[in-house]
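These notes concern the structure reproduced below.
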Amino acid sequence: MNTITVDTWLYGELARFGGNPEERIFANRKVSLPEGSRLQDLLNILGMRTEERGITFINGQLSAMPGLQPDLDHPLHDGDRVAFFHLRSMWPFQYRHGVTMIQEMQKAIIETDQMGLHHAYSKDQPKE
Amino acid sequence: MYLVRVNMTNRTYQVTEVPEKYKYLAGRALTSNIVADEVPPLAHPLGPNNKLIFSPGFVTGTSAPTAARISVGGKSPLTGGIKEANAGTSWGADLAVMQIRGLIIEGQPEEKDKFWGLHITWDGKPKVEFFDATAYTKQPLSKVYPPIYEKFGERVSVCSVGAAAEYGYCNSGVCFNDQSKRPSRYAGRGGLGAVMASKGVKFIVLDRQGAPGVEIADKALFEEGRKKMIDALRTHAITKPKGGLNSYGTAILINIMNEAGGLPTKNFSSGRFEEAPKIAGEAIFETNKVRKGKEIFNHACSPGCIIQCSNTVYAEDGSEITSCLEYESAWSLGANCGISNLDDLAMLNHLCNEYGLDTIETGTTLAVAMEAGVIPFGDSKAAINLVHEMGKGTPLGRILGSGTETTGRVYGITRVPTVKGQSIPAYEPRAVKGIGITYATSTMGADHTAGYTIAPEILGVMGKVDPLSPEGKAALSRAFQATTAFIDSSGHCLFIAFAILDIASGYQGMIEEINGVLGTNWTADDVVKFGAEVLKVERKFNEAAGITKAADRLPEFMKQEPLPPHNTVFDVPDEALDAVYAEL
């Protein structure tokens with residue numbers, strides 16, 4: 001079976017999933033996956049529960065926010081850059097208003113209350 | 001409450017009750033109204049007819065949390081328009097405790113080389129004395145603050161300007177002490193430091209001893225509001241103890257903006273900096289942990305702040321390099337200059353504090369100089385030398401001190417990231433289009449603090465517009481700018497917006513605090529109306545100063561040069577930009 005390589009960036013405390021369990025600044029790991037893999041498959045290989053991540057990017061496009069993760073089935077391709085942020089990260093609305101998002105995220109944001117103005121999207125927001 | 005009017009032509013002062021007209025104005029609302037009422041729009045910003053106004057917010061000096069902001073206003077030498085810049089400092093709280101709603105510095109001494117200090121004390125009402133401060137000029141601020149504390153006592157608060165202001169630089173800020181008496185809290189943008197220096201004022205020292213404190217009309221209501229605000233700040237993930245801001249500071253945004261492709265890099269030629277993780281909040285926190293042998297959480301810049309987002313950067317030997325290295329400073333002096341050496345970056349920030357320079361304008365200016373070939377991108381040692389040139393007042397230093405736009409003009413550079421003469425901060429409008437609208441239309445020139453998001457239910461636009469359409473973005477920008485003008489008048493730090501956006505009771509708490517202080521019955525709707533009135537006043541002043549809607553545009557290169565990695569241009573139509581104020 002053909003494999004793809006995903007350029008994976010892990011920030012803050014998530015850097016521990018990059019190979020060195022002591023690392024807490026950032027880690028950059030090239031992850032090999034079978035062709036046809038999805039974001040959930042990448043999480044599985046990293047050994048990271050999806051609840052541990054917050055803001056997520058696929059090729060610089062916003063794909064998840066705390067409490068809103070429409071990207072688990074997003075297909076990955078060879079050379080994709082995926083970045084995972086820890087739950088203490090933040091991205092206030094005014095500094096992300098109009099950024100590019102994967103289609104699934106764009107749809108999910110529009111369906112939220114208040115059209116995505118908040119910092120977190122879980123029912124009991126804001127939550128760590 | 002008092003207005004204290006200091007005339008520097010003859011070093012006299014007047015203390016009057018706040019007139020009825022200004023009774024319900026404070027902070028930015030007051031500084032902007034006094035500028036509009038008293039400064040001729042065509043006055044030279046460094047001439048005798050400009051004025052410098054200080055005003056604490058409504059709840060500054062009370063026990064409200066995270067509320068020690070001081071607004072500084074005047075006509076800006078950088079933009080030529082109205083300017084309000086604010087800082088968090090005990091100085092703001094002390095001014096409020098001395099019941100000074102507005103301190104107005106006007107006139108100009110005839111002697112050009114002499115500088116003065118103002119010593120303001122409480123003697124039944126505010127009392128101003130003048131002292132010769134000429135001996136303290138042309139020195140790093142960390143050298144002159146200690147003797148001032150020695151002279152006036154440890155309890156005073158100190159406002160000052162650095163050498164940059166004494167030289168009349170358009171990128172000089174007004175400096176205030178932090179909680180450790182560092183000269184490090186800046187009302188940085190727009191060159192108001194040079195306005196203060198043009199009045200011959202080097203220091204304003206406040207001694208609050210014996211002062212009565214802020215009068216609170218309805219203490220029970222104030223207390224109720226204060227508790228709601230504290231609860232909101234203490235529970236929200238971003239603002240709570242050991243949360244995002246308390247751990248990583250504002251530089252927590254470096255990696256996020258970099259991954260989004262919106263971190264302006266090497267003079268806005270890319271949206272991604274390969275070495276960004278080395279200068280991010282996470283790197284600062286972990287580097288400090290190694291160098292100090294323990295986790296160092298951030299500290300408060302001012303009394304009563306429970307967010308506590310100010311970091312300190314320590315050297316390998318454990319000594320302090322600088323405090324505080326904000327996101328915008330780490331970006332401007334770091335990524336935007338291609339610099340990733342954290343120690344050198346911290347030193348650049350420190351030198352800006354020493355000389356009294358706005359870190360944002362300084363970084364964007366250095367990057368334009370790098371593009372011009374004055375020094376290479378990424379050369380941190382050469383960048384440090386250029387900041388020293390500014391501090392020494394050499395001819396090159398004076399060019400750079402004039403700001404990004406002037407430096408671009410001097411070197412014939414076309415990629416000059418400014419709006420209304422003020423450089424664009426750390427969020428690339430080609431990647432973050434919503435903020436591009438605010439940069440373009442703000443009365444302040446490009447300003448990342450002009451459009452904070454607060455409670456959507458009061459914005460009056462939700463459900464009516466598509467927030468992703470140009471019209472929707474314009475409507476949101478208008479609402480954000482108005483509500484921000486209100487927070488800038490409240491005395492609260494803008495970062496309360498993070499918590500009160502998500503926690504409705506916190507938002508209600510802010511209004512109750514202010515109603516408690518003033519004895520008013522303002523509602524959520526009044527917040528937007530109040531802010532809109534401030535914007536109208538500012539807009540009118542700018543128009544009379546020659547800054548019309550034609551200036552509500554981003555620089556041309558942003559419409560033409562695609563920004564990697566997304567390779568997008570700023571494509572929000574001019575009609576959408578014009579719509580922001582058309583409906584105000």
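Quick check on this structure: which one of B:ALA260, B:ALA280 is within 11 Å of chain A (Cβ to nearest Cβ), open to solvent by less than 10 Å² (accessible area, probe 1.4 Å) and out of contact with any helix residue (DSSP H, G or I) (no Cβ under 7 Å at 6 or more places or on another chain)? Steps first, answer last, please.
Working: B:ALA280 fails: out of contact with any helix residue (DSSP H, G or I) (no Cβ under 7 Å at 6 or more places or on another chain).
The match here is B:ALA260.
Looking only at region A:97-123, which residues are more than 11 Å from chain B (Cβ to nearest Cβ) and under 15 Å from the mean Cα position of the chain (by Cα)?
Within region A:97-123, A:ILE102, A:GLN103, A:GLU104, A:MET105, A:ALA108 meet the criteria.
Could you tell me how many of the residues in region B:186-210 are in contact with a Ser or Thr (Cβ under 7 Å, 6 or more places away or on another chain), of a type outside the set (A, V, I, L, M, F, W, C) and under 19 Å from B:GLN139 (Cβ atoms)?
Total satisfying the criteria: 2.
What number goes with the only condition from (1) of a type in the set (Lys, Arg); (2) outside any helix (DSSP H, G or I); (3) modelled with pLDDT under 95; (4) buried (at least 18 other Cβ atoms within 10 Å of the Cβ) that B:LYS473 does not pass?
Failed condition: (2).
For B:VAL195, are the conditions met, namely being touching a strand residue (DSSP E or B) at 6+ places or on another chain (Cβ under 9 Å), not in a helix (DSSP H, G or I) and not aromatic (Phe, Trp, Tyr)? Can you show your working first?
Working: touching a strand residue (DSSP E or B) at 6+ places or on another chain (Cβ under 9 Å): yes; not in a helix (DSSP H, G or I): no; not aromatic (Phe, Trp, Tyr): yes.
Taking the combined requirement at face value, the residue does not satisfy it.
Taking the options B:ALA85, B:ALA64, name whichever one is assigned to a loop (DSSP other than H, G, I, E, B) and open to solvent by less than 20 Å² (accessible area, probe 1.4 Å).
Working: B:ALA85 fails: assigned to a loop (DSSP other than H, G, I, E, B).
Going through B:ALA85, B:ALA64 in turn, the sole match is B:ALA64.
Within region B:243-285, can you find the residues that are of a type in the set (Ser, Thr, Tyr) and closer than 24 Å to B:VAL374 by Cβ?
Here is the first cut: in region B:243-285, the ones of a type in the set (Ser, Thr, Tyr) are B:247-248, B:250, B:265, B:269-270.
Result: B:THR265, B:SER269, B:SER270.
Please go through region A:21-63 and give me each residue that is of a type in the set (D, E, K, R) and surrounded by 21 or more Cβ atoms within 10 Å (Cβ to Cβ), ordered by number. Please lay out each step first, then the result.
Kept after step one, since they are of a type in the set (D, E, K, R), are these residues of region A:21-63: A:22-24, A:29-30, A:35, A:38, A:41, A:49, A:51-53.
Hit for region A:21-63 is A:ARG53, nothing else.
Which of (1) within 30 Å of B:TYR24 (Cα to Cα); (2) within 13 Å of chain A (Cβ to nearest Cβ) does B:GLU223 not meet, given it meets every other one?
(2)
Being out of contact with any Leu (no Cβ under 8 Å at 6 or more places or on another chain) and part of a loop (DSSP other than H, G, I, E, B) is the filter; apply it to region B:422-445 and report the residue that is surrounded by the most Cβ atoms within 10 Å (Cβ to Cβ).
Step one: list which residues in region B:422-445 are out of contact with any Leu (no Cβ under 8 Å at 6 or more places or on another chain), which gives B:423, B:425, B:427, B:432-433, B:435, B:438, B:442, B:444.
Those left that are additionally part of a loop (DSSP other than H, G, I, E, B): B:425, B:427, B:432, B:442, B:444.
On the way: B:PRO425: 24, B:TYR427: 29, B:VAL432: 24, B:SER442: 26, B:MET444: 26.
Checking each candidate, the answer is B:TYR427.
Go through region B:328-414 and tell me which helices (runs of 4 or more DSSP H), entirely inside it, have 1 or more residues that are open to solvent by 10 Å² or more (accessible area, probe 1.4 Å) and within 24 Å of B:ALA283 (Cβ to Cβ). Spell out how you get there, then give the answer.
Working: elements: B:342-355, B:359-371, B:380-392, B:395-401, B:404-411.
Result: B:342-355, B:359-371, B:380-392.
Hey, which of the helices (runs of 4 or more DSSP H) in region B:490-564, taking only ones fully inside, have at least 3 residues that are out of contact with any His (no Cβ under 8 Å at 6 or more places or on another chain), surrounded by fewer than 19 Cβ atoms within 10 Å (Cβ to Cβ) and in contact (Cβ under 8 Å) with a residue 12 or more places away in the chain? Don't jump to the end; show me each part of the working.
Details: elements: B:496-502, B:504-518, B:524-544, B:557-560.
Filter on region B:490-564 gives B:524-544.
Working only within region A:10-61, note down all residues that are more than 10 Å from chain B (Cβ to nearest Cβ), polar (S, T, N, Q) and either touching a Pro at 6+ places or on another chain (Cβ under 8 Å) or not in a loop (DSSP other than H, G, I, E, B) (or both).
A:SER32, A:SER37, A:GLN40, A:ASN44, A:THR50
Between residues in region A:1-20 that are open to solvent by less than 10 Å² (accessible area, probe 1.4 Å) and residues that are aromatic (Phe, Trp, Tyr), which pairs lie under 6 Å by C-beta distance while being six or more apart or on different chains?
A:LEU10/A:PHE17; A:LEU10/A:PHE84; A:TYR11/A:PHE26; A:TYR11/A:PHE85; A:LEU14/A:PHE84; A:ALA15/A:PHE26
The values are calculated or read from the model by the stated rules, or taken from the named source; none is laboratory data. All values reported here derive from a predicted model rather than from experimental measurement. Reconstructed Cβ throughout: ideal geometry from the backbone, glycine too, with neighbour counts over all protein chains shown. Heads up: the accessible areas ignore ligands, DNA and RNA and are worked out on the full protein's heavy atoms, side chains in. Shrake-Rupley method; radii C 1.70, N 1.55, O 1.52, S 1.80 Å.
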